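To start, the structure itself, in C-alpha cells.
Every number in this text was worked out from the coordinates using simple rules, so none of it is lab data. Just so it is clear, the model here is predicted, and its values are computed rather than measured. FYI the Cβ positions are ideal-geometry reconstructions off the backbone, even for glycines, and counts take in every protein chain you see.
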Amino acid sequence: MPAPTTQIVNVRVLLFASYADRLGLESVRVALPALATVADALDHVRSLPGGEQIPPRPLCAVNLAHAGLDTRLAEGDEVALLPPLAGG
Amino acid sequence: MTFLSATPIDPATLIARVESPAHGGVASFLGQVRDHHGGRTVRRLEYSAYGPMAEEECARIVAEAEARWPVRVALEHRVGALEIGDVAVAIAAAGGHRDEAFAACRFVIEEVKHRVPIWKKEFYRDGAVEWVEPDSGAAGQRGGVAEVIGIESPSREVLGR
C-alpha cells in the first residue's frame, strides 16, 4: 500500500528590504495544504498585518533560485519574496 | 568563490584573477556610488542581500558568460555601508580578443542588475532614508515579473547547451 500523502507542507518564507520593513518580519513559517504553490504562501503573507503592501505579483524564489508563482512547494522549502532588485 | 564582499573591492586584484598569457583582451566594469538620485543629494548608502541566493545567482551568471563566450570572468559586489565613490560592483572579463571580453562584461552587469537579490538603501542629505526601487525603466520592466527572469531569460538558452 502506498504511503499516505502528506496533507500539510511546512515552508519558511523570507522577507527582505522594504518587504521586511513593511511587515516588521524577516521570516514567517507557513503551513500550507498539500499541492500548495508559491502563490498560496504569498497569499498567507499578504494577509498578515502590513502584508497588503506587498504587490500581488512580486519577484519570488524557491530554494535560492528565481521561481514563478505557480511553482509547487514541498516540505521544508525556503520561499523568498524579493522587492525590486537594486544591485549593480 | 565568494561574490559578495563586506570589505572594499580591489579592481586590480579582480583583473589579475582573469588574466593569462592567452587573454589579449580584458574588459572591466566598475559600478561606483553616485552622489545623487532623482534630483536629491545622496550622502551614503547600504547594500543588503539575500546572501546565499545572491552567491548562487552570481555563480550562475558567471558560468553562463563563460559558456557563451571564450572568456574567464571575475565578479564582486559589495554589501554593507558604502560612501560616495566606493566601488559597489566590479567585473573583469578576459578573452582572446576584445569582442568577447566586452560582450561578456556587458552581459554580466546586466544580468547582475536583473537577477541578483541585492537591495540598496539610500541616505539623503535632507535626512530621508529610502529603499531604492527601480521604476518602470529597463530594469523594472524585466525585474517586475518573476517568470520572465526565471524561465524566459535569454540566458536559459546558454544553460541548456
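For a footprinting-style exposure proxy, rank B:Glu55, B:Glu76, B:Glu133 by other Cβ within 10 Å, fewest first. Before the final figure, lay out the partial values.
On the way: B:Glu55 18, B:Glu76 22, B:Glu133 15.
The fewest-first ordering by Cβ neighbours comes to B:Glu133, B:Glu55, B:Glu76.
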Classified through the alpha carbon gyration tensor (a ≥ b ≥ c as square roots of its eigenvalues; rounded if a/c is under 1.5, else prolate when a/b is larger than b/c, else oblate), the protein assembly as shown comes out oblate
With a bin width of 10 angstrom, please list the P(r) values of chain A as percents of all Cα-Cα pairs, from the 0 bin to the one holding the largest distance. 18, 52, 23, 6, 2, 0
